[in-house]
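Chemist: Okay, handing you the structure first.
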Amino acid sequence: MSMANLLPAVAKQKITYPESDGKPMADNTKQFRVITTIEGNLEILFAADPDVFVGGDLLWYPVEGNRFTRTAPDVLVVFGRPKGDRGSYLQWEENGIAPQVVFEVLSPGNRRAEMEQKFAFYDEFGVEEYYIYDPDRGRLQGWLRKRGHLQPIAEMGGWVSPRLGIRFEMQEKELLLYDGNGRRFLTFVELEQARKEAETRARLEAQARAKAEARIRELEEQLKQAGLM
C-alpha cells in the first residue's frame, strides 16, 4: 500500500464571501435619500437595456479566493452584465467585468483614510468613472480613467458622464443630475407626485376629448334633423 493511500483525504474548503460588511447603507436620512435617488433613477434610465446592472450598497469582490479584498460602493453600474438579484458582486462569476461607474455619497462618519482606501481600490480594479458627493459641504468630485489610472475631472459643473450620458450640476449645495433628454433625477416622492400629475392630466384630457366628441355628435344630429346631412 502506498503512503498516499495512508494519508487522510483533505476536503477542499469552500470559501464563503460574506454578503454584508455589518455597516449600514447610510448614516443619515440625507445620505440615504441621495443614494436611493441616484440608484433608482439609474435603474429607470437603463430599464430597457437587459445588459446593464445597477446596484446599491453591494459588496464587490474582485479577486477569486480572497474574501478580504472587497468594498461596497454606494452605487455601482456594470455594463455588459444582466440584471438580476445578487447577494454580492463576485467579479469572476461576472465574466471578469468590473463595475465601470461607482458613486460614493459621504456622511459625517466617513474618514479620510477610508476614502483613500476606496480610491486606491477603484483605481486598482478598473473603475472607469468615480464620483464622490458630500451633501453637507456641497462638494462634488469626479475622476475618469486615463492612461490606466483614475485622473481628476477639473470641472464637474456641466460634466457629462461618458458611460452614463447623465449631466452633473450643482445648485448651491445640492447635486442635480439630468438624463440625456434633460430630465432631472427625481426623488421617489417627486416621482410619485409626477405620476399623479400625469394621471390627472390624462384624465382631464380624456374628459375634454369625450366632451368634444359628444358635442360633435350633437351637432351632427342637429344637421340631420335640419336635412343638411
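Chemist: Give the order of T69, T16, T200 when sorted by the count of other beta carbons within 10 angstrom, beginning with the fewest. Mind showing how you got there, number by number?
Modeler: Details: T69 13, T16 7, T200 10.
So the residues, fewest neighbours to most, are T16, T200, T69.
Chemist: Still on this structure: Working from Cα positions, state the angle (0 to 90°, nearest 10) between the long axis of helix 188-225 and the longest principal axis of the chain.
Modeler: Result, in degrees: 20.
Chemist: How do K83, K30, K23, K118 line up, fewest other C-beta atoms within 10 Å first?
Modeler: Placing the least packed residue first, the sequence is K23, K30, K83, K118.
Chemist: About the Cα centre of the stretch 75-171, how large is the charge dipole given +1 on each Lys and Arg Cβ and -1 on each Asp and Glu Cβ? Please answer in debye to the nearest 20.
Modeler: 160
Chemist: For a Förster distance of 25 Å, can you work out the FRET efficiency between the beta-carbons of S20 and R111, rounded to the nearest 0.05?
Modeler: On the way: r = 20 Å, r/R0 = 0.81.
Once rounded, the FRET efficiency stands at 0.80.
Every number here is computed from the coordinates shown, using simple stated rules; none is lab data. Source: prediction; values computed, not measured. For neighbour counting, all protein chains shown are included, and Cβ atoms are generated from backbone atoms with ideal geometry for every residue, glycine included.
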